[in-house]
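What follows is a short report on a single structure.
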Amino acid sequence: MLYILRRVAFYLAAFFVAVTLNFFIPRIMPGDPSARIIASFQGRLNEAQIEAIRASYGTTGSMWEQYLGYVGQVLRMDFGISTVQFPEPTSSLLFYGATWTLVLVGIAITFAFLIGTMMGIHAAWNRGGFFDSVFTPINVMLNAFTPAVVALLLFYAFSLQLQWFPLGRAHSTGLSPSLSFEFIGNVLYHATLPVLSILIVSFGGWHLGMRNVMINLLNEDFVILARAKGLSDRRVRYRYVARNAILPQITSLALSVGFLLGGALVTEQVFNYPGLGKFTVTAIESRDYSFIQAQLLLLTMSVLVANFLSDIANVVLDPRLRKG
Amino acid sequence: MADITQTASSSLLDRLDDAALASAAPTHIELMRELRIKQKPGWTSRLSPSVAAFVTNKKGMAGVIILLAMILFSILAPMFSEYNPHRRAGKPHVAPSYEHVLGTTRMGKDVYTQVAYGGRISLAVGFGAGIAAAAIGLAIGISAGYFGGRVDDILTFFVNVVLVLPGLPLIIVIASLVDSAGPLVIGIVLALTGWGWPARTIRTQTLSLRTREFVLSAELMGEKKWRIIFKEIFPNMLSFFMGGLVLGTISAILAEAALSFIGLGDPNAVTWGTMLYWAQNNMALQTGAWWEIWPPAVAIMLTGAALVMINFAVDEITNPQLKASRGIRRIKRFLRRRGRSADVF
């Protein structure tokens with residue numbers, strides 16, 4: 001319990017570091033967002049209008065007042081109004097995009113982790129064998145291919161040439177979101193290629209990680225004892241070795257969430273998928289700073305939540321942590 | 001050496017009967033041949049053990065050779081092409097031909113020239129950010145692990161924060177505020193966000209080294225702290241530093257490509273990432289101009305694959321069990337032929 005509390009305290013602190021960074025980065029850069037917007041009107045604004053723009057970006061008053069105001073806004077989940085989709089509040093766009101990104105990344109991360117870990121277990125168990133010496137290097141090299149390239153190739157082959165999959169969007173335009181079988185099927189159909197392109201570049205990492213940790217564990221005394229007791233291969237492999245080897249995997253799974261969300265950016269761009277990445281790119285193009293800043297906070301928050309979940313999983317899987 | 005053992009055993013053979021011969025223990029040279037263990041070439045004995053281990057590692061050396069070829073190709077780019085990567089060199093979307101080995105882009109720029117020149121910036125950003133991140137990680141990891149106590153608490157907090165802060169979104173915030181994020185800006189930000197992993201592994205390694213005899217004896221002899229760090233601890237961290245460097249370089253090259261691809265980079269710079277960006281914007285695939293997409297893509301993939309192979313070799317050096325696992329099949333087969341149990345593995 002103490003362990004979990006300590007972790008929660010750390011996450012809160014980390015979140016405040018992110019908020020503070022988000023507050024200071026625009027202010028140490030030359031020309032803050034409000035100055036940019038004011039400059040773009042080329043002197044056609046009067047004093048009151050300038051003051052109003054500055055106030056809406058929170059750049060009036062002393063630094064300390066600005067900071068407190070910003071923290072308050074963040075805690076209320078109030079990220080201002082989007083300049084792209086003008087009257088919409090930024091937060092509603094943010095959560096709309098995040099939902100679709102979550103669909104993509106959620107499916108991709110689950111499959112990548114399962115496939116990679118299973119392959120890693122197999123490779124470590126038959127280490128030095130055919131599967132290990134051929135697929136381990138290949139899978140890890142796939143990891144070093146850019147998501148951009150993989151996504152473009154899949155898009156070209158299956159969407160443009162073969163036309164097996166749609167050219168974009170998260171679901172067909174005629175359908176409205178519901179929990180019906182038809183709608184979910186349609187969403188999965190649209191998500192197939194984007195998920196596949198994230199999957200291809202990410203499962204190799206899990207393969208290598210699991211394999212390396214497993215190989216180190218295979219010579220441990222408890223494994224030799226388990227085999228000497230005459231336990232079945234299956235039991236030693238999964239209950240003894242894999243169960244211990246998966247602990248560091250779960251920790252890095254949580255840490256990789258941020259990386260994967262970043263990778264989804266490129267995929268969504270290629271497949272024209274209405275996720276967070278797509279909105280972020282639009283926001284970059286139109287200099288919608290409140291959205292750009294809010295996406296960092298939202299992504300940081302999701303990484304922290306993922307880490308918290310991995311802590312709980314670690315406590316469940318590793319009895320040693322329950323005492324600490 | 002081999003001759004002597006052979007003559008010795010053959011003179012012995014005359015006096016032994018056939019039954020005894022069958023059970024005679026094979027010489028270690030025969031054993032090595034049966035297990036297919038090659039003797040290390042003599043010249044490696046002058047190198048330090050970890051360097052020798054790397055030089056004799058096939059995967060690692062293959063990676064180094066590919067990487068050196070890529071680096072040479074981009075450094076010597078002007079020798080390979082007379083075109084300017086920023087200027088129009090021919091008609092738009094010319095297919096690969098004698099004048100344009102890899103065709104031209106929609107803007108009529110020579111793709112081959114762009115790949116060569118783009119490599120300079122992409123590789124420089126990648127290696128620059130990778131080296132810087134590994135160096136920061138090394139400094140912070142060793143300090144945290146060696147000094148311990150309050151210093152460790154504070155540094156570990158920052159390491160953990162850097163680990164949980166998502167790198168790419170943070171770069172997007174910074175890059176969107178500077179007007180166009182040139183390669184230098186991207187490189188600096190990647191270095192500042194990428195040192196978490198190396199710092200973490202190096203700290204753990206330092207913690208386990210700190211209590212070893214050779215460090216303790218250096219402390220008892222009254223060595224200065226910085227001298228212990230540089231002379232005793234740092235040499236043992238070299239392979240972890242290299243590992244961090246290689247991984248950092250891969251992720252920096254990929255991140256640069258991703259950022260440029262979504263249009264955050266400086267569109268006038270020529271890097272592999274911006275080439276992909278223009279290819280995507282110009283609908284190169286839709287119009288069948290595959291030569292605009294494939295060359296930068298293959299360049300990135302080759303570099304990535306080479307770095308992964310080097311990382312495999314570094315992994316095997318830092319973690320000898322991984323290397324041992326390569327010969328395990330042969331050893332098992334060997335034991336079975338001798339009628340011994342191979343179940344211990």
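No lab work stands behind these numbers, since they all come straight from the coordinates. Note that the structure is predicted; figures quoted are calculated from it, not measured. Methodologically, a virtual Cβ is constructed for each residue, glycine included, from the backbone with ideal geometry; neighbour enumeration extends over all protein chains shown.
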field: GNM result for chain A, Cα springs below 10 Å: residue of A:Ala157, A:Ala48, A:Ala226 fluctuating most strongly
entry: A:Ala48
- line: Expected vector for segment A:11-17, Karplus 3J(HN,Hα) from phi with 6.51, -1.76, 1.60 and θ = phi - 60°, integer Hz, x for Gly and Pro, equals 5, 4, 4, 5, 5, 5, 4
Straight-distance crosslink candidates among lysines, where the alpha carbon sits under 22 Å from B:Lys323 and sequence neighbours closer than 8 are dropped: B:Lys38, B:Lys40, B:Lys58, B:Lys59, B:Lys332
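Express the Stokes-Einstein translational diffusion coefficient of segment A:138-197 in µm² s⁻¹, to the nearest whole number, given a Kirkwood radius over alpha-carbon pairs, 20 °C and a viscosity of 1.002 mPa s.
Numbers: Rh = 12.8 Å.
The calculation lands on 168 µm²/s.
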- line: Computed ³J(HN,Hα) along segment B:53-63: with the Karplus parameters 6.51/-1.76/1.60, θ = phi - 60°, integer Hz and x for glycine or proline, the list is 4, 6, 5, 8, 8, 4, 4, x, 5, 4, x
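Which whole number gives the average, over all residues in A:261-269, of C-beta atoms from other chains lying within 10 Å of the residue C-beta? Before the final figure, lay out the partial values.
Values: counts 3, 10, 4, 1, 8, 9, 0, 1, 6.
Partner Cβ neighbours, averaged per residue: 5.
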- prompt: Over all pairs of distinct alpha carbons, what does the Kirkwood formula give as the hydrodynamic radius of segment A:97-321, in Å?
  reply: 19.3
- prompt: How far apart, in nm, are two points set 7 Å out from the Cα along the Cα-to-Cβ line at B:Arg88 and at A:Arg239?
  reply: 7.4
Principal semi-axes in Å for chain B [√(5λ), Cα gyration tensor, largest first]: 48, 33, 17
field: Inter-chain Cβ neighbour average for residues A:137-145, partner chain, 10 Å
entry: 6
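Across peptide B:182-188, what mean number of C-beta atoms from other chains lies inside 10 Å of a residue's C-beta? All intermediate terms of the calculation are to be shown ahead of the outcome.
Details: counts 0, 0, 0, 0, 0, 0, 0.
The mean count of partner-chain Cβ atoms within 10 Å per residue comes to 0.
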field: For B:Ala181, distant residues with modelled amide H under 5 Å away
entry: B:Asp266
field: Helix-derived mean residue ellipticity, 222 nm - over chain A, DSSP H n ≥ 4, -39500 (n - 2.57), to 500
entry: -24500 deg cm²/dmol
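List the trypsin sites (Lys or Arg not before Pro) in segment A:222-264 that DSSP assigns to loop (not H, G, I, E or B) and whose Cβ has at most 11 other Cβ atoms within 10 Å. Which are they?
For trypsin sites (Lys or Arg not before Pro) across segment A:222-264 that sit outside H, G, I, E and B with at most 11 neighbouring Cβ atoms in 10 Å, the list reads A:Lys229.
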field: segment B:197-274 and segment A:1-31: distance between their alpha carbon centers, rounded to Å
entry: 24
field: For B:Asn282, net neighbour charge (Lys/Arg +1, Asp/Glu -1) across residues whose Cβ lies under 12 Å away
entry: +1
field: Derived scalar couplings ³J(HN,Hα) [segment A:161-172; Karplus, 6.51 cos²θ - 1.76 cosθ + 1.60; whole Hz; x for Gly, Pro]
entry: 7, 7, 6, 6, 10, x, 7, x, 6, 8, 7, 4
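Using r as the Cβ-Cβ distance of A:Val71 and A:Thr251, and R0 as 25 Å, what FRET efficiency do you calculate, to the nearest 0.05? Can you show the working numbers first?
Values: r = 29 Å, r/R0 = 1.18.
It comes out at approximately 0.25.
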task: For the protein assembly as shown, count all C-alpha to C-alpha pairs, find those more than 43 Å apart, and express that count as a whole percent of the total.
output: 32
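Quick one: if the Förster radius is 60 Å, what FRET efficiency do B:Val51 and A:Gln49 give, using the C-beta to C-beta distance and rounding to 0.05? Walk me through the numbers before you get to the answer.
Values: r = 67 Å, r/R0 = 1.12.
Efficiency for this residue pair is about 0.35.
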- request: Hey, can you grab everything whose amide H is under 5 Å from the amide H of A:Ile81? Only 5+ residues off in sequence or another chain; H modelled, so Pro and N-termini drop out.
  value: A:Thr90
